[in-house]
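The values are calculated or read from the model by the stated rules, or taken from the named source; none is laboratory data. All figures in this text were calculated on a predicted structure; none of them were measured in a lab. We place every Cβ from the backbone using ideal geometry, glycine too, and count neighbours over all the protein chains shown.
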Amino acid sequence: MGDLQGELIRLIELGDLDELTRLIDRLGAAGDWDGLVDLRDRCRAALERGKQLWPAASLAEYRLALEAPGPWAASVLVPGAGRFALGPLSEVAASSHTWAELAPHVPPGPLAAVTANERVVRGEDLRADGSIDGSVLELPLALEPWEPAYPVAAYHPDRVEAPAPSPPALGDLQVMQDAAAPDDAAAPDEGRRALLELVTAWTAESNGRAEAVALTGGGPDALRALGVRRYRTVPLEPAAAMATMAWCGASGGAHGRRRGMAAGRFAAWWAVAALADLLDAWPLTGAELGRAAQRLRWWLWDVGEPETGWVLHLAVEDPGSGRAWALNAVDAAS
């Protein structure tokens, strides 16, 4: 123990991030969780002396959240922890622990509720747990029968895998018929705003760009308002649309900070409520949101050209109101 502490002190004084990373690997492999906590604490304390060791402290917290037993994993579910981690520690811990393993040890606060919701998107039914603050995300603490199996992230010591849902094959290329673009496409609209919020991390924290329109008309009118002249489409079932929107809402894009699938599920629910003009009734029951999602018509679209990086081309119609929306969002990897 003394030799380890001596090595740790030496590496901190040197500010040697490479060797600290190797030491974190050794401690994790040995299951020395108290040693990892000590390393994290010493790296944080060294900041007051000008030692820029945030990456080592963050990596130690990430490994604790991912690999340590419940008491240690839950101890890092506090604001500010995991600043440079591969994802929010609430999602990291929930990816490898049940709620029962974490709940007795999670410090009280919003992150406890977010972590519980991360377990919900992984299939846990937590409706009977009265300790969870339902006001944080205002979503049901169990998946609804109409919801998809959300595309959750898989975390590893050195990487995260969060593939997008596999898109269905799009139809034949169509040429837009000439017509005047509607003049209300850029007017203030809650549905339009909610679609753009799905990709906020792409546009605010990465290289992404996004534009959305909302208008009275149909899907082709919305695509025309985006300037699309050639396009392919494929209908989406409501569950598939929810999975796609949630994946985008959880993602950080190429370079942004991942927000986690609990946040992605919330973004998808909020988008449906906004598109169905139900925000005044928020929070909605699962049955209400499900009926709204079924009422709307969903499509993926593209212009028939190869695309790389993070992409969301979505069109939506509400037959009841005669409104339509379209979103064009991309974030290149470089």
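A few comments on the model shown:
- Enumeration of residues in the range 295-319 that are small (Gly, Ala, Ser) and either within 22 Å of the chain's Cα centre (by Cα) or under 20 Å from Glu197 (Cα atoms) (or both): Gly309, Ala315
- When the residues of the range 153-174 are filtered to those that are of a type in the set (A, V, I, L, M) and touching an Asp or Glu at 6+ places or on another chain (Cβ under 8 Å), the one that is farthest from Trp99 (Cα to Cα) is Leu170.
- Restricting the range 4-39 to residues that are among the hydrophobic types (A, V, I, L, M, F, W, C) and exposed (fewer than 13 other Cβ atoms within 10 Å of the Cβ) leaves a set whose member that is nearest to the chain's Cα centre (by Cα) is Ala29.
Residue by residue, here is whether (1) free of Cβ contacts under 8 Å to residues at least 12 places away in the same chain; (2) closer than 21 Å to Ala74 by Cβ; (3) out of contact with any strand residue (DSSP E or B) (no Cβ under 7 Å at 6 or more places or on another chain) holds:
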{"residue": "Pro110", "(1), (2), (3)": "no, yes, yes"}
{"residue": "Asn117", "(1), (2), (3)": "no, yes, yes"}
{"residue": "Asp129", "(1), (2), (3)": "no, yes, yes"}
{"residue": "Pro140", "(1), (2), (3)": "no, no, yes"}
{"residue": "Val152", "(1), (2), (3)": "no, yes, yes"}
{"residue": "Glu161", "(1), (2), (3)": "yes, no, no"}
{"residue": "Ala164", "(1), (2), (3)": "no, no, yes"}
{"residue": "Pro168", "(1), (2), (3)": "no, no, no"}
{"residue": "Leu173", "(1), (2), (3)": "no, no, no"}
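- Test: residue in the range 224-247 that is farther than 25 Å from Glu161 by Cα and assigned to a helix (DSSP H, G or I): yes
Conditions (1) outside the structural domain of Leu195 (by TED's automatic domain parsing); (2) farther than 15 Å from Thr233 by Cα; (3) in a strand (DSSP E or B); (4) aliphatic (A, V, I, L, M), marked per residue:
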residue	(1), (2), (3), (4)
Ala293	no, yes, no, yes
Trp298	no, no, yes, no
Glu305	no, no, no, no
Thr308	no, yes, no, no
Val311	no, no, yes, yes
Val316	no, no, yes, yes
Ser321	no, yes, no, no
Ala326	no, no, yes, yes
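- Taken as a whole, the structure leaves Val37 outside the set of residues that are under 28 Å from Ser131 (Cα atoms), touching a helix residue (DSSP H, G or I) at 6+ places or on another chain (Cβ under 6 Å) and of a type outside the set (D, E, K, R).
- The listed residue being in contact (Cβ under 8 Å) with a residue 40 or more places away in the chain and either closer than 26 Å to Gly87 by Cβ or in contact with a Leu (Cβ under 8 Å, 6 or more places away or on another chain) (or both), out of Leu66, Leu11, Leu39: Leu66
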